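Single-structure report; data block below.
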Amino acid sequence: FWHAQCQFFEKKYPLALKEFDDLVTTVKRHPLTPEISYRRASTLYAMRNYTQALTEINRFLTEYFQHQRYDEAQVLKGDILMGKGDLLAAKKVFTELTTESGSLFLYAVFQVGKIYRALEDYEGMVKHFKIYLGHDDLVTKQRVSEALYWIGWAYAQQDNIEQSFHIFINELQD
């Protein structure tokens, strides 16, 4: 397992995948079996084999729904769907993460922002980041300036930059 991981980190993805595949066939019901499945999906994603990666991550999410990597697998699924160009499905996956997911929630928030940008849904982007800024259930609210930037950028795309000033002032006061 660790050798396969080293292959992955050295970006020798075909070698890593072969080793993970060998592990899947030789190791049954081992405590590392879920981790191997997750790592196979990660490797397939890194190889840009989005179809097979999606199949693998869906299998992981179905079989190991109580695994500690479940939220990470959700994020990986969202990234895979983005890679496939299925932005609406990716958005749905990312928005299923809650603030309890910690830094993965933050990552998902900004991935959804990228999706709104790609879809040129500037109103959706503004609404999305306003919701993020309105969260009072976060221990610390990070990347506030970046969220404000994207709100301002989205308003600028709509030739309505004045709208952003009120939001900026409120956040600065908070």
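Computed values, structure above
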quantity	calculated
Ala73 vs. criteria under 24 Å from Lys11 (Cα atoms) and in contact with a Lys or Arg (Cβ under 9 Å, 6 or more places away or on another chain)	no
Exclusive hit being within 28 Å of Asp136 (Cα to Cα) and open to solvent by 40 Å² or more (accessible area, probe 1.4 Å), set Gln66, Gln111	Gln66
Residue list for segment 119-145, filter: in a helix (DSSP H, G or I), farther than 27 Å from Tyr70 by Cα and open to solvent by less than 70 Å² (accessible area, probe 1.4 Å)	Tyr122, Gly124, Val126
Segments classed as helices (runs of 4 or more DSSP H), wholly inside segment 5-91, with at least 1 members that are free of Cβ contacts under 8 Å to residues at least 12 places away in the same chain and farther than 19 Å from Gln111 by Cα	13-26, 33-46, 50-63
Flag if Glu146 is at pLDDT below 95, within 30 Å of Lys11 (Cβ to Cβ) and of a type in the set (Asp, Glu)	yes
Selection count, segment 151-174, where residues are open to solvent by less than 50 Å² (accessible area, probe 1.4 Å) and either charged (D, E, K, R) or touching a residue at least 12 places away in the same chain (Cβ under 8 Å) (or both)	7
Meets criteria (farther than 20 Å from Leu119 by Cβ, at pLDDT 95 or above and β-branched (Val, Ile, Thr)) for Ile57	yes
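The values are calculated or read from the model by the stated rules, or taken from the named source; none is laboratory data. All of these numbers come straight from a predicted model, not from anything done at the bench. No Cβ is skipped: glycine too gets one built from the backbone with ideal geometry, and neighbour counts run over all protein chains shown. Remember, those area values only see protein heavy atoms, side chains included, never the ligands or the DNA or RNA. Shrake-Rupley method; radii C 1.70, N 1.55, O 1.52, S 1.80 Å.
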